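Single-structure report; data block below.
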Amino acid sequence: MVAHSSYDVSYDVDAVHVPQLMDLFASAWWTARRTEAEARAILAGSDVAVTVVDRPVDRLVGFARVLTDRTYLAVVLDVIVAPDVRGEGVGAMVMDAVLEHPWVAGVTSVELVCRPEVTAFYERWGFTQHVGHSRLMRRTTDVSLIGE
Ligand SMILES: CC(C)(COP(=O)(O)OP(=O)(O)OC[C@H]1O[C@@H](n2cnc3c(N)ncnc32)[C@H](O)[C@@H]1OP(=O)(O)O)[C@@H](O)C(=O)NCCC(=O)NCCS
């Protein structure tokens, strides 16, 4: 991993970075159809947002958000790094900040949903596929989430 000192990690989403958040959303299969109005609603409705900004060029390059009851369960969502800076440690910065946030660090369970090719990334922070007899069930109007 290449440490990059120009990256700033924060729990704020500066309004000027919302268009760049749309670029990040455009790069991921499950977020690509979101509108800017939906993005603003998502930010307002999330308990924690993590951003990584490449400060010299003031560019948002990493994002994640969390829904949390601050006690038993936190759900990590929309972990996305700009395609051209993947492999530089930004994703690790995002996940470190997610798991260090006080509304996440102390909760009993932290959960996320991901594709098989990303499981090894999350295993670095102790996430496992051992979910006992649990099954993910989903009720959605987004057909991309229920296809193959
Ligand atoms: C998955 C993602 C967030 C990783 O971000 P990144 O900035 O490339 O990751 P980093 O550079 O911080 O990598 C940290 C470590 O994880 C490893 N890693 C990164 N992606 C990995 C993957 N898919 N599988 C296994 N290991 C991975 C890196 O090799 C690195 O290891 P190292 O420290 O030994 O060098 C990024 O590839 C991404 O945005 N993907 C598209 C969106 C997506 O699928 N997000 C996950 C949604 S559940």
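When Gly126 is evaluated against the numbered criteria (1) without any contact (Cβ under 8 Å) to a residue 60 or more places away in the chain; (2) within 21 Å of Val9 (Cα to Cα), which criterion, by number, is the only one it fails?
Only one criterion is unmet by Gly126, namely (2).
In this structure, is Val107 surrounded by 10 or more Cβ atoms within 10 Å (Cβ to Cβ), away from the ligand (no atom under 16 Å from the Cβ), assigned to a loop (DSSP other than H, G, I, E, B) and modelled with pLDDT of 95 or more?
Yes: the conditions hold for Val107.
Filter segment 17-31 down to the residues that are in contact (Cβ under 8 Å) with a residue 24 or more places away in the chain and out of contact with any Leu (no Cβ under 9 Å at 6 or more places or on another chain), then identify the one that is nearest to His101 (Cα to Cα).
Filtering first and then ranking leaves Phe25.
Does Arg34 satisfy the criteria of being over 22 Å from Gln129 (Cα atoms), without any contact (Cβ under 8 Å) to a residue 24 or more places away in the chain and not in a helix (DSSP H, G or I)?
Yes; evaluated as a whole, the condition is true for this residue.
Keeping to segment 63-79, report how many residues are more than 7 Å from the ligand (Cβ to nearest atom) and closer than 18 Å to Ser10 by Cβ. Talk me through it step by step, then tell me what you get.
Of the residues in segment 63-79, the ones more than 7 Å from the ligand (Cβ to nearest atom) are 63-78.
Then keep just the ones that are closer than 18 Å to Ser10 by Cβ; that gives 63-66, 68, 76-78.
Of the residues in that region, 8 qualify.
Looking at the structure I just gave you, is Ser46 small (Gly, Ala, Ser), in contact (Cβ under 8 Å) with a residue 40 or more places away in the chain, within 16 Å of the ligand (Cβ to nearest atom) and surrounded by fewer than 19 Cβ atoms within 10 Å (Cβ to Cβ)? Spell out how you get there, then give the answer.
Working: small (Gly, Ala, Ser): yes; in contact (Cβ under 8 Å) with a residue 40 or more places away in the chain: no; within 16 Å of the ligand (Cβ to nearest atom): yes; surrounded by fewer than 19 Cβ atoms within 10 Å (Cβ to Cβ): yes.
Answer is no for this residue.
Is at least one residue of segment 80-103 more than 7 Å from the ligand (Cβ to nearest atom), part of a loop (DSSP other than H, G, I, E, B), farther than 22 Å from Gln20 by Cβ and out of contact with any helix residue (DSSP H, G or I) (no Cβ under 7 Å at 6 or more places or on another chain)?
no
The values are calculated or read from the model by the stated rules, or taken from the named source; none is laboratory data. Predicted, not measured: the structure shown is a model, and the values here were computed from it. Reconstructed Cβ throughout: ideal geometry from the backbone, glycine too, with neighbour counts over all protein chains shown.
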